[in-house]
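Below is one structure, written out as structure tokens; comments come after it.
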Amino acid sequence: MLIVEQLGGCDAQPWIRDEHGQWITGHDGERRLREVRAGLLRHARVKPAWARVSDEHLGGAVRSLHECDYLSALARAPSSESVLMPEFAAPGMAPDTPVSADIAAVAYEGVRTAIAAAKLLADGAHYAYALCRPPGHHAGPGWLGGYCYLNNAAAAAHTLRERGRGPVAILDVDIHYPNGTAAFVARAKDMTLHSLHAWPVVNIPSASAQPRCERERVVEFKSPPGEEVYLDAVARSLDELAEDADALVLSLGYDTVAGDPHGYWELSPAVFTGIGRLLSQSGLPVCVVQEGGYALDTLAACSYAFAEGLLGAAQAPDGPLGVEVGAAENIGGVR
């Protein structure tokens, strides 16, 4: 598996409004990516990858996905403080995610990384992992929310389709419903989405997600599932998606494990071994896009378990620091 790591080096973190209306410091910092990276690099079959994505390509891809007024608003965000943009809250939702120039720049680099990973897949890699932040699956064509500003999974799927790898399936295994990704899929004709998430859904006005089109399937768990029940649901989705898809984008959230500050399920890191194994058995080329997962002390165990399931048991002799990770080339900043 080739991994592309996000450049930027900025530890800007979004704030977020909780269910009680209180502002809390976000958990989406650089350490989160470092922990995931450490777990992945314990596996001997995880390799670095260099991929170049120019500012011109990045800007064009973002403009093809997101509305002009929304992107213009992000470009005007102040650098010294975070501000709310109520007019760009998700439909029917109160604004919960403020914006600054720093976090907008980090979000652009996340998209750059997702595009780079998708290009590797389109060029022949069987597995590519976009190690990016902030997550993107709540960002719609003209809205933000839940730490998400630009939709990384949609950018990866768009890149695959542009390079002749379609139809594209998206499987979202983050604990939260991908309302932003669902909006992009509804606009596309050769893209399918399956989401496995917790009920009640907190990022849409209704408690339950309703598919936006016939190419979307939602699986809601009314109570925290055990590993066997959850993996059975993943297997059913993969069987269905593999019937027609030429490539798969996996929106991978590690926030289904016990102790995650944004989750309440009790799954162990071992569940990701099962997810990786099921992906391997599907035979599909897979572009992994990092979504949530904020239990910092558990993330390395989760990502290593995923790599072990996908690639088989193999540990690098030098441990987590034995391999250097490549990155999408940052050719100037995009604002």
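Among the trypsin sites (Lys or Arg not before Pro) in the stretch 147-253, which ones are in a DSSP loop with at most 11 other Cβ atoms within 10 Å of the Cβ? Mind listing them?
Details: sites: Arg161, Arg163, Arg165, Arg187, Lys189, Arg212, Arg215, Arg217, Lys222, Arg236; in loops: Arg163, Arg165, Lys189, Arg212, Arg215, Lys222.
Of the trypsin sites (Lys or Arg not before Pro), the ones in loops of the stretch 147-253 whose Cβ has at most 11 other Cβ atoms within 10 Å are Lys189, Lys222.
So if I place +1 on the C-beta of Lys and Arg and -1 on the C-beta of Asp and Glu, and nothing else carries charge, what would the dipole magnitude of the stretch 152-290 be about its Cα centre? I want it in debye, nearest 20. Can you show the working numbers first?
Details: 11 positive and 18 negative charges, 93 e Å.
For this selection, approximately 440 debye.
For the chain, which whole percent of the accessible surface, found with a 1.4 angstrom probe, sits on carbon and sulfur atoms?
Heavy-atom surface of the chain belonging to carbon and sulfur, 1.4 Å probe: 49 percent.
Suppose all protein chains stay in the model; what accessible area per residue would a 1.4 Å probe give for the chain, in Å²?
Values: 12770 Å² over 335 residues.
Here the residues of the chain average 38 Å² of exposed surface.
Need one number: % antiparallel among DSSP beta bridges in the chain, to the nearest 5.
Values: 7 of 43 bridges.
Rounded to the nearest five, the antiparallel share is 15 percent.
Let me check against my output: what whole-number percent is the relative contact order of the chain, with C-alpha pairs under 8 Å and at least 6 apart? Walk me through the numbers before you get to the answer.
Values: 802 pairs, mean separation 86.4, N = 335.
Here the relative contact order equals 26 percent.
Given a Förster radius of 51 Å and the C-beta distance between His126 and His20 as r, what FRET efficiency does 1/(1 + (r/R0)^6) yield to the nearest 0.05? Before the final figure, lay out each step's value.
Values: r = 45 Å, r/R0 = 0.88.
For R0 = 51 Å, the calculated efficiency reads 0.70.
So which chymotrypsin sites (Phe, Trp or Tyr not before Pro) in the stretch 6-108 are both in a DSSP loop and have at most 15 other Cβ atoms within 10 Å of their Cβ?
Values: sites: Trp15, Trp23, Trp50, Tyr70, Phe88, Tyr108; in loops: Trp50.
Those satisfying the criteria are Trp50.
What nm distance separates the two modelled labels at Ser208 and Arg45, each placed 7 Å from Cα along Cα→Cβ?
Output for this residue pair reads 4.0 nm.
Which helices, taking whole DSSP H runs in the chain, have alpha carbons extending 24 angstrom or more along the helix axis plus mean Kyte-Doolittle at least -1.0? Intermediate values should be presented prior to the final figure.
Numbers: long enough: 101-122 (32 Å, 1.06).
The qualifying helices are 101-122.
Specify which labelled value, from (i) 47; (ii) 57; (iii) 37, agrees with percent of Cα pairs over 27 Å apart derived from the coordinates of the model shown.
(iii)
So, R0 is 45 Å and r is the distance between the beta-carbons of Ser54 and Ala242; what FRET efficiency does that work out to, to 0.05? Let's see the in-between values first.
Values: r = 33 Å, r/R0 = 0.74.
The computed FRET efficiency comes out at 0.85.
Using the Cα centre as the reference, give the magnitude of the dipole from point charges on the C-beta atoms of the chain (Lys, Arg: +1; Asp, Glu: -1; all else neutral), rounded to the nearest 20 debye. Write out the running numbers ahead of the final one.
Values: 26 positive and 41 negative charges, 130 e Å.
Roughly 620 debye for the chain.
Between the stretch 166-197 and the stretch 37-80, what is the C-alpha centre distance in whole Å?
Between the Cα centres of the stretch 166-197 and the stretch 37-80 lies a distance of 19 Å.
With contacts defined as alpha carbon pairs under 8 Å and 6 or more residues apart, what's the relative contact order of the stretch 1-96 in percent? All intermediate terms of the calculation are to be shown ahead of the outcome.
Values: 55 pairs, mean separation 24.0, N = 96.
Relative contact order of the stretch 1-96: 25 percent.
Please identify the chymotrypsin sites (Phe, Trp or Tyr not before Pro) of the stretch 185-279 that satisfy two criteria: DSSP loop assignment and at most 16 other Cβ atoms within 10 Å. Which are they?
Those satisfying the criteria are Tyr264.
The values are calculated or read from the model by the stated rules, or taken from the named source; none is laboratory data. Please read these numbers as outputs of a predicted model, since none were measured by experiment. Glycine gets a Cβ as well: all are built from the backbone with ideal geometry, and neighbour counts include every protein chain shown. These area figures cover heavy atoms from the full protein model, side chains too; ligands, DNA and RNA do not enter into them. Shrake-Rupley method; radii C 1.70, N 1.55, O 1.52, S 1.80 Å.
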